[in-house]
Structures are given as structure tokens and as C-alpha cells.
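To keep things clear, I will list the structure first and then write my remarks on it.
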Amino acid sequence: MGCKRLLRATYTDATSTSVTTVGLLVAKAGPGAMRGLSERFATEGLDERADLMPRPYAAKGTAAADFGDAQRASWRIKVLTDAPAVVYTVTGFADGRKVTAPQPAGEATRRGATTAPAQAGLGHDARGIADEIERAFHRALAKTGAPR
């Protein structure tokens, strides 16, 4: 499959309380390989495995500087099947506090969830931002006329 490009950035909320690293991995794979990867992620639950949780990007000198692996709280990974790309987000706390029980966004957004990622809304951030990045990527592809 292989990676052609990886673009990532980390954003903070208006209060510099939470941070989100966004990633867009552009693959060298064709449509069949992307469908296969998507199916594997779905059937094996790879998008919910904590050991496959995306790594944060902590830019020095910013509010995200203390966003390390121990601060990751919630994440979302989506393998696109109509474009050679994987979109991911990982959220956490900007103040450097450690998260002992990170949760995939799907769990952290379930009704009645009471974990720290759920109560802080970090699952919603991970899901919503990933969805918006995916939509923006599709809009950009449509403007270029690039094949999907």
C-alpha cells in the first residue's frame, strides 16, 4: 500500500483546554486496496484498538506542546474507500494531564458514557473534526477533478 504523503496539524480549542491532532495520510494504493483496508479495519475493529491510536503532533512553543502519548484521550480513524486516503484525529488535554483510559470516539460519544474523554467532549471533538476533514478533502478532490 505505502504512504505517499502525510499531513498533520494540531489545533487547540478557544480556551486552550483541549487539543486535537488531525492527520491525512494519502496512500499509494488503488481503490481495491483501500476497500480491502477499510473492510479489515471494520471486521477487526482496528479503528478502536488503543495500540493503534494515532500519535499526537506537539509543536514546541504552542499550547499543544505538552500533548504527548500519555495525554491522548479519544481518537477516530477512517479509511476512505472512494479516495486513497486515511483521515484520523486524536484528542487530549492541553494542560499535560495524563489519561489513564483513552476511548475511541465511538465509545466516548455513546449515550450515558461517564469517562473523562466522554465528559470532556473529546470523543465528539475527535469524531466531528475527522468528519469535517473528510468532507473538506472530498470538496478539494472535486475541485481538482482528481479521480476517486
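Just the number, please: percent antiparallel of the DSSP beta bridges in the range 1-138, rounded to the nearest 5. Expressed as a percentage, antiparallel bridges in the range 1-138 total about 95. In terms of overall dimensions, the C-alpha atoms belonging to the range 1-84 reach 42, 24, 19 Å along their principal axes, ordered largest to smallest. Size estimate for the chain follows the Kirkwood approach: the inverse of mean 1/r over distinct Cα pairs works out to 15.6 Å. Starting from one equal scatterer on each C-alpha and no solvent at all, send me the Debye-based log10 I(q)/I(0) for the range 72-120 at q = 0.18, 0.21, 0.31 Å⁻¹, two decimals. Normalising to I(0) and taking log10 leaves -0.60, -0.73, -1.13.
Note that the chain presents 55 Å² accessible area per residue, ligands and nucleic acids not counted, probe 1.4 Å.
Tell me, how many Å apart are the Cα centres for the range 73-148 and for the range 12-61? About 8 Å separates the Cα centre of the range 73-148 from the one of the range 12-61. Rounded to the nearest 500, the helix-only mean residue ellipticity at 222 nm of the chain stands at -9500 deg cm²/dmol, with each DSSP H run of n ≥ 4 adding -39,500 (n - 2.57). Per-peptide packing, taken as the mean over residues of other Cβ atoms within 10 Å, places 109-116, 34-41, 79-86 in the sequence 79-86, 34-41, 109-116 from highest down. In this rough spin-label picture, where each label sits 7 Å from Cα along the Cβ direction, the E132-D69 distance is 3.0 nm. Determine the share of the chain's accessible area contributed by carbon and sulfur atoms, expressed in whole percent, with a 1.4 angstrom probe. Carbon with sulfur: 51 percent of the solvent-accessible area.
Summing Lys and Arg as +1 and Asp and Glu as -1 over all other residues whose Cβ lies under 10 Å from the Cβ of D125 gives a net charge of +1. Here is the size of the range 36-99 from its Cα atoms: Rg then Dmax, 13.7, 40 Å.
The values are calculated or read from the model by the stated rules, or taken from the named source; none is laboratory data. For clarity, every value in this text was computed on a predicted model and none was experimentally measured. We place every Cβ from the backbone using ideal geometry, glycine too, and count neighbours over all the protein chains shown. Areas reflect the complete protein model, heavy atoms only, side chains present, ligands, DNA and RNA absent. Shrake-Rupley method; radii C 1.70, N 1.55, O 1.52, S 1.80 Å.
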